[in-house]
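Since the structure comes first, as structure tokens, the remarks are kept for the end.
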Amino acid sequence: MSVLPEFREVMASPLRHDLTELPGLDYLSSPTGAIKEAQELAAAAFGADATWFLVNGTTVGIQAAVLATCGPADALILARNCHLAAFSAMALAGCHPIYVMPVQDENLGIAHGITPDALRRAFSNASSDGRHVGAVLVVCPTYFGITSDIAQLASICHEHGAPLLVDEAHGGHFAFHASFPAHALAQGADVTIQSTHKVLSSLGQSSMLHVKGDRVSHECISRALQTLQSSSPSYLLLASLDAARAHAQLPDTFQEPLDAAAAARQLLRELPGSGLLDDHIQTGTDGIHGVDPLRLTLVANSLGMSGFALDDLLQREFGVCAEMSTDKTVVFALGPGSRMEHVRQLAAALSSIRGRSRSPSQQRSQPPLQSAAARSSLPEMRLTPREAFFARTARVSAHEAVGRICAELLCPYPPGVPAVVPGELLTTDVIEMLRQVASGGGKVAGAADSSLETFAVILEAS
Ligand SMILES: Cc1ncc(COP(=O)(O)O)c(C=O)c1O
């Protein structure tokens, strides 16, 4: 990993630097010294009014942002493809979810962004149900680097008096180069949470939460973080956040990765049979406002295999680690430290795999997983995420589970949009769709029984 030289020195003797809240080292929960100064430098660098360092990833930032804005009497409008942390946040806050479906690409089986119209409909549903909306939460960019039209989403939220919270886990670098899409705070978002450890150079588990404007109370964010974070934060994680900020601000941190990403696109386009997501989508259309140039999504089945198989092969035989894979795609994340040699390594690996794979005309056509899973209607919600979290549960056969309230979050990949979440009704249609995805080579995340023979359901009081 490419890091600031000063931080490399710290990491040369981690035990010496694994300190705690000693005099002079400040307190994460009420900073007045070094941590305050580091957070202020971060706020200035990331375009925020205030920044909080997080030691339990973006997960804790999402939970804190929801707790700070939504109480049990409020609704949270959220994209249905939000991270698991959004669902645990609702269990903590006790708020009522109103879901917005992301635009889905049925061909590739992936979810993109949220459209302004879909958000307007969610506000109108909230209003017809007489619900006060505490906040709106969306994911931007997606795993695939696709951004939503945050400026429009923010202005709709603000018209309705609600703050826009953006899970920008994969967009921590956006503030640092003109080639990246504009970061969410610059477009009017009120809160962003970024996995600094994913796309910048901080240590695993360290993230940042940024606030801009006065729609979200700084005090409420601090109180939520005091409730959720350790009182013994790791100073290695905190130091790595400060170093990642300084590293991102160096003038040439992103130039080589950007050049490498451009070269990778060119090399992959020249490779017969390979395809890139960029060539399948059109920016400026519904749910696809922009694309992160440092995300490279390969359409894998043009190489004669599924994305899962290609990902596995690249890792086992060629030492190339992708960020994630779906049945049809493999996503590569470039960042500080990505070099031309890595791109050459990837192109050579793909070329070798290409040489031994079946030609596209010999491939077995894949079952239409995506259209099975790309649902626009949602199961009926019987309990809120909080009620479902505290309810008693039992594991029953799939047959017995039909018509019962689900206790698991079951998310088929593709398209990475939960089919059912705790508190919603399990139906024959949902179970069949999940089985179709699994038998077609997809995955169902969250299913404790991966055979999908049994499901956890809620025991209703008789
Ligand atoms: C979109 C998104 N949001 C939130 C998270 C959680 O982030 P962290 O692992 O930093 O807690 C992830 C993790 O993969 C993610 O992909």
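The values are calculated or read from the model by the stated rules, or taken from the named source; none is laboratory data. Everything quoted here is computed from the prediction, not taken from an experiment. Counting neighbours? That spans all protein chains shown, and the Cβs are built from the backbone with ideal geometry, glycine included.
Can you report the number of residues in the range 149-160 which are out of contact with any helix residue (DSSP H, G or I) (no Cβ under 9 Å at 6 or more places or on another chain) and within 16 Å of the ligand (Cβ to nearest atom)?
Here the count works out to 0.
Residue check, Pro293 against (1) without any contact (Cβ under 8 Å) to a residue 12 or more places away in the chain; (2) assigned to a loop (DSSP other than H, G, I, E, B), all met but one. Which one?
Every condition holds for Pro293 apart from (1).
Can you tell me which residue within the range 104-121, out of those that are within 16 Å of the ligand (Cβ to nearest atom) and in a loop (DSSP other than H, G, I, E, B), is farthest from the chain's Cα centre (by Cα)?
Restricting to residues being within 16 Å of the ligand (Cβ to nearest atom) and in a loop (DSSP other than H, G, I, E, B), the top hit is Ile114.
Pick from the range 268-290 the residues that are without any contact (Cβ under 8 Å) to a residue 24 or more places away in the chain and in contact with a Leu (Cβ under 7 Å, 6 or more places away or on another chain): which of them is nearest to Leu334 (Cα to Cα)?
Across the range 268-290, the extreme among qualifying residues is Leu276.
If Ala263 passes every condition in (1) out of contact with any Ser or Thr (no Cβ under 7 Å at 6 or more places or on another chain); (2) outside the structural domain of Arg339 (by TED's automatic domain parsing) but one, which one does it miss?
All conditions are met except number (2).
Which residues, taken from the range 276-300, are at pLDDT below 85 and crowded, with 22+ Cβ neighbours inside 10 Å?
The one that is at pLDDT below 85 and crowded, with 22+ Cβ neighbours inside 10 Å: Ala300.
Anything in the range 302-316 that is outside any loop (DSSP other than H, G, I, E, B), at pLDDT below 90 and surrounded by fewer than 22 Cβ atoms within 10 Å (Cβ to Cβ)? List them, or say none.
Answer for the range 302-316, where residues must be outside any loop (DSSP other than H, G, I, E, B), at pLDDT below 90 and surrounded by fewer than 22 Cβ atoms within 10 Å (Cβ to Cβ): Ser302, Phe308, Ala309.
Taking the range 161-212 on its own, how many of its residues are away from the ligand (no atom under 12 Å from the Cβ) and not polar (S, T, N, Q)?
So the answer is 24.
Residues that are under 19 Å from the mean Cα position of the chain (by Cα) and crowded, with 22+ Cβ neighbours inside 10 Å: find the helices (runs of 4 or more DSSP H) completely inside the range 141-247 holding 2 or more of those.
In the range 141-247, the matching helices (runs of 4 or more DSSP H) lie at 150-159, 196-199.
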